[in-house]
2 protein chains.
Amino acid sequence: MEVKARAPGKIILTGEHAVVHGSTAVATSIAVYTNVSLRFTTPSDDEDLLKLQLKDTALEFSWPVSKVREAFPAQLSSTPTSCSVENAKAIAALVDHLSIPEAKIGLASGVSAFLWLYSSIQGFKPATVVVTSELPLGAGLGSSASFCVALAAAFLACTDSVSLDVNHQGWLSFGEKDLELVNKWAFEGEKIIHGKPSGIDNTVSAYGNIISFKSGNLTYMKSNMPLKMLITNTKVGRNTKALVAGVSERMLRHPDIMAFVFSAVDSISKELTAILKSPTPDELTITEKEEKIEELMEMNQGLLQSMGVSHATIETVLRTTLKYKLASKLTGAGGGGCVLTLLPTLLSGTVVDKVVSELESCGFQCFIATIGGAGVEINFGPSY
Amino acid sequence: MEVKARAPGKIILTGEHAVVHGSTAVATSIAVYTNVSLRFTTPSDDEDLLKLQLKDTALEFSWPVSKVREAFPAQLSSTPTSCSVENAKAIAALVDHLSIPEAKIGLASGVSAFLWLYSSIQGFKPATVVVTSELPLGAGLGSSASFCVALAAAFLACTDSVSLDVNHQGWLSFGEKDLELVNKWAFEGEKIIHGKPSGIDNTVSAYGNIISFKSGNLTYMKSNMPLKMLITNTKVGRNTKALVAGVSERMLRHPDIMAFVFSAVDSISKELTAILKSPTPDELTITEKEEKIEELMEMNQGLLQSMGVSHATIETVLRTTLKYKLASKLTGAGGGGCVLTLLPTLLSGTVVDKVVSELESCGFQCFIATIGGAGVEINFGPSY
């Protein structure tokens, strides 16, 4: 018996950094997934083990379920709960025993989140969980959130806490209440990985579509136009905290200027959501809307540059795409990371191929993804 | 007898484009000059000719003074006056006779301005006027304004309209009233060349120092700190009118966003003038002030990018100077033209040499200039 879950990554369309200072930001899901497969095993199968396989990093961890059970001093709550200091210590002990290579030590917190979610939701049954992800790690595409959402979804799908049609063929969405539960658990996983996550990434991954957020308030919306984005991963690691701090320091040095910059970004996000929500067809054609969005992206990029969060590799992507008259902006923290390029509906595939091959020849990694699609989904295999 | 005049070029430090929409802009003179030498000749010398030599373009024009006199139907005013349609026709007839090569036909309006200024200020005496300029033409460095200012200064220096110490050795400044006269005449010359000039360029060239301007009001100020700029001419010709129109159209499409962008630029100009005017030494060291100015330049550049007036060559200069941790911004209309890079006081000459040679290897032309120095000056040769 096997259940699969897939959860999309996210991009920030507009408003990164400015959102920290009260502006509106807009995030959307991208059809690039973290996939989780959960298979319960019988003790005879495999020595009573809980196994986690991280396919992309070719790492495999396992714990006897009895050890996992022993580790937790108190009964675990089956409703979304933050991992207590005591439980965190127990998990740390389970993770410290693993031989995670030094270069991949960043995965330890993801393994901890897995142990917390699995034990809390599924208890201590032997199982094999396989994770594969199309999302680059630490590139600002919400890989950790989609990992947590996919895990929580797969684990919850096999409980009575949610109601799903196990006979459904193909990918299946959660109902609204169940989705809320998945999202809450995923957020608890994110907290183990990130300390103080904003909750945006897991929400976008769980719900899909488009979310605008301002001062902690989220507004869901459905896009009325398809948008295709080229996402270029510069592969330059960022120090998000330092970048956020840099913008705040600049804000303290130049409060008047930066307040106007943030207000301009706020207006960009508002204009963008108005375009995305407007009915199609309306007085503007898709192409006219795309041109407006391209202009908004260009303006947002200029404003991000004025915040000081661009990077030489980002500029390289901008220049390359500009040669083909395509508009781009950084997405997320900046200082490297990923760059978005709108691929207009009428753009020929030949041009897309050229841009991609030119970007890849710079050593960048490219994804083409439709944005604003479905959130997390479940697939019960035929043997379920 | 010979009199020489030199008039500096100008750069816009901050606020280009935004100034059209009501923001403050800051312009300053650069110690890069147009030089004019005026030598009266006697009829026996040279057949009663008025000669104009444009050394940089290896062009020489001459007119018998009698022809020039005949051309003007009415008595010319010796106080600054706009060239009437009738007089413009007369000048056009004098210029049309010249064999200006097609590629340099843009110089015709400069020759017209010369004829108007010379005839109005000096009447119809035979003379040889030699012009050499260190300023590139049409690159946004105020070459035409400094041409007009230097001509007006040289021509006025030999009249009773101004009072100068002809025995002074070396370069000599005009008194305030005389400077006003020079500037007014230069503006009339600029009108012949540009149609509707703003008057900023000739004012900066005449007065030197720093001028902030907003909604047509000029404020003069003296900088309290020396600043050295690397000016890189991308040699890409711009269509200033189209660039200005492009920003206005973007403003109509996105009024809220652009209003904030322009307000941010206004605050940048205000902060810059406060730094430049602040006494030295004060609580900030020169280096601290330079760092603030670099940040203001970077922010202004980002805002210009959000107006859509940058260009691939400008980005190349930005990237090159950024490698050396130097801050740059476009100056003037954008879309090519010139880029400013602040050269901090403590920057080693070796680094400057490296940056310059790297930029020149891209085909760009580099100047290093102190900014905010003297305006137009006169030099009476020993033979005066």
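The values are calculated or read from the model by the stated rules, or taken from the named source; none is laboratory data. Please read these numbers as outputs of a predicted model, since none were measured by experiment. Positions of Cβ are backbone-derived with ideal geometry, glycine not excepted, and every protein chain shown enters the neighbour counts. Side chains are part of the model used for accessible areas, which takes the heavy atoms of the whole protein and leaves out ligands, DNA and RNA. Shrake-Rupley method; radii C 1.70, N 1.55, O 1.52, S 1.80 Å.
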Give me the one-decimal nm value for the distance between modelled label points at residue B:374 and residue A:239, 7 Å along each residue's Cα-to-Cβ direction. 4.9 nm
Can you list the GluC sites (Glu not before Pro) in segment A:221-290 that are in a DSSP coil and have 16 or fewer other beta carbons within 10 angstrom? A:283
Segment B:228-370, convex hull of Cα, quarter of hull surface, nm² -> 8.8 nm²
For segment B:345-384 and segment B:113-143, what is the centre-to-centre distance using only Cα atoms, to the nearest Å? 23 Å
With springs only between Cα atoms under 10 Å apart, run a GNM on chain B and tell me which of B:175, B:335, B:189 wobbles the most. B:175
How many Lys pairs in segment B:1-137 lie less than 17 angstrom apart by Cα atoms, where the lysines are 8 or more positions apart or on different chains? 7
Compute the relative contact order of segment B:228-370 as a whole-number percentage, counting only Cα pairs closer than 8 Å that sit 6 or more residues apart in sequence. 44 percent
Amide hydrogen neighbours beyond the local backbone of residue B:13, cut-off 5 Å, H modeled: B:26, B:27, B:28
Sorted largest first, the C-alpha extents of the protein assembly as shown along its principal axes in whole angstrom are 121, 57, 39
Across B:245-258, the residue-averaged tally of Cβ atoms belonging to other chains within 10 Å stands at 3
For segment A:1-89 the GluC sites (Glu not before Pro) that pass both the DSSP coil test and the at-most-16 other-Cβ-within-10 Å test are A:47
Label model pair residue A:274, residue A:103: point-to-point distance (7 angstrom along the Cα→beta-carbon line) in nm is 5.0 nm
For chain B, the percent of accessible surface on carbon and sulfur atoms (probe 1.4 angstrom, ligands and nucleic acids excluded) is 53 percent
Report the residue, chosen from B:331, B:28, B:159, that carries the largest GNM mean-square fluctuation when chain B is represented by alpha-carbon nodes joined by springs under 10 Å. B:159
Sites residue B:285 and residue B:137, calculated FRET efficiency, Cβ-Cβ separation with R0 41 Å, nearest 0.05: 0.60
Low-density loop positions, trypsin sites (Lys or Arg not before Pro), segment A:184-290 - DSSP coil, at most 11 other Cβ in 10 Å: A:222
For the pair residue B:84 and residue B:194, how long in nm is the line joining their label points, each one 7 Å along Cα→Cβ? 2.6 nm
Expressed as a whole number, the average count of other chain Cβ atoms within 10 Å around the Cβ atoms of B:286-295 is 1
Given charges of +1 on the Cβ of Lys and Arg and -1 on the Cβ of Asp and Glu, with all other atoms neutral, how large is the dipole of the protein assembly as shown about its Cα centre, in debye to the nearest 20? 100 debye
Once the label point is placed 7 Å from Cα along Cβ, list for residue A:237 the distances to the corresponding points in the other copies, in nm, shortest first. 5.1
Roughly how crowded by other chains is peptide A:262-272, in terms of the mean Cβ count from those chains within 10 Å of each of its Cβ atoms? 4
Accessible area per residue of the protein assembly as shown at 1.4 Å probe, in Å²? 41 Å²
